[in-house]
Amino acid sequence: MSETVSQVTDQVELKFFFVGRDCAAGSPRIDLFVDTNGDHKFDTLLNGYVGPSGSGCVQNKWQYLDLANLNDPTPRWGVNNGFPLQSWSSIVATFGNDDVVFGHLVDDSQAFAPNNRGIAYYDLVSIGNRTFTSHEDGN
């Protein structure tokens, strides 16, 4: 990607629509793989949760969320799948100059969280300078 964590501010975002499901079990989320030691390989994982801290998600309505908003005080970011969650401004303060190697959207909790089973639609997923609008964009 060749962008730093601070450079992806306001560039980690998505639109989503949930039918008959929730988002309180750790997904969906956008994971950012970050190089903190300069070897061009990731060594730190930043997890940005759509529904942080079990807050749940609105159903049957398109939602837009900017996960990397400096003005959002919501603690929605974990480091290496850990807690406590932090705001994006805290993440930037700690990792701002480190490079984002790559990122991806994860929706994986249906196997262990029955409330997360259902239909999820995603549109305009942006990670850094890339906006994914179809399956082909991930290649």
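The values are calculated or read from the model by the stated rules, or taken from the named source; none is laboratory data. These numbers were taken from a predicted model, which means no experiment stands behind them. Backbone-built Cβ (ideal geometry, glycine too); neighbour counts: all protein chains shown.
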> Going by the conditions given, is residue 66 surrounded by 13 or more Cβ atoms within 10 Å (Cβ to Cβ), within 24 Å of residue 132 (Cα to Cα), at pLDDT below 95 and not polar (S, T, N, Q)?
Replying inline: no
> Is there a residue being buried (at least 17 other Cβ atoms within 10 Å of the Cβ) and among the charged types (D, E, K, R) anywhere in region 122-138?
Replying inline: no
>> Any residue in region 27-38 that is of a type in the set (Lys, Arg) sitting within a Cβ distance under 7 Å of a residue that is surrounded by fewer than 19 Cβ atoms within 10 Å (Cβ to Cβ) and assigned to a strand (DSSP E or B)? List the pairs, counting only those 6 or more apart or interchain.
In response: 29/106
> What number of residues in region 44-62 are surrounded by fewer than 14 Cβ atoms within 10 Å (Cβ to Cβ) and either aromatic (Phe, Trp, Tyr) or modelled with pLDDT of 90 or more (or both)?
Replying inline: 3
> Looking at 58, 34, which one is assigned to a loop (DSSP other than H, G, I, E, B) and among the aliphatic types (A, V, I, L, M)?
Replying inline: 58
> If you check residue 115 against the conditions, is it under 14 Å from residue 52 (Cα atoms) and at pLDDT below 95?
Replying inline: no
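Criterion first (closer than 18 Å to residue 23 by Cβ, among the hydroxyl-bearing types (Ser, Thr, Tyr) and buried (at least 16 other Cβ atoms within 10 Å of the Cβ)) does residue 89 satisfy it?
Against the criterion (closer than 18 Å to residue 23 by Cβ, among the hydroxyl-bearing types (Ser, Thr, Tyr) and buried (at least 16 other Cβ atoms within 10 Å of the Cβ)), residue 89 does not qualify.
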> Do you know which residues across region 61-107 are of a type in the set (A, V, I, L, M, F, W, C), closer than 13 Å to residue 9 by Cα and in a loop (DSSP other than H, G, I, E, B)?
Replying inline: 67, 68, 70
> What number goes with the only condition from (1) over 13 Å from the mean Cα position of the chain (by Cα); (2) without any contact (Cβ under 8 Å) to a residue 40 or more places away in the chain that residue 50 does not pass?
Replying inline: (1)
> Does at least one position in region 124-133 carry a residue that is under 20 Å from residue 34 (Cβ atoms) and in a loop (DSSP other than H, G, I, E, B)?
Replying inline: yes
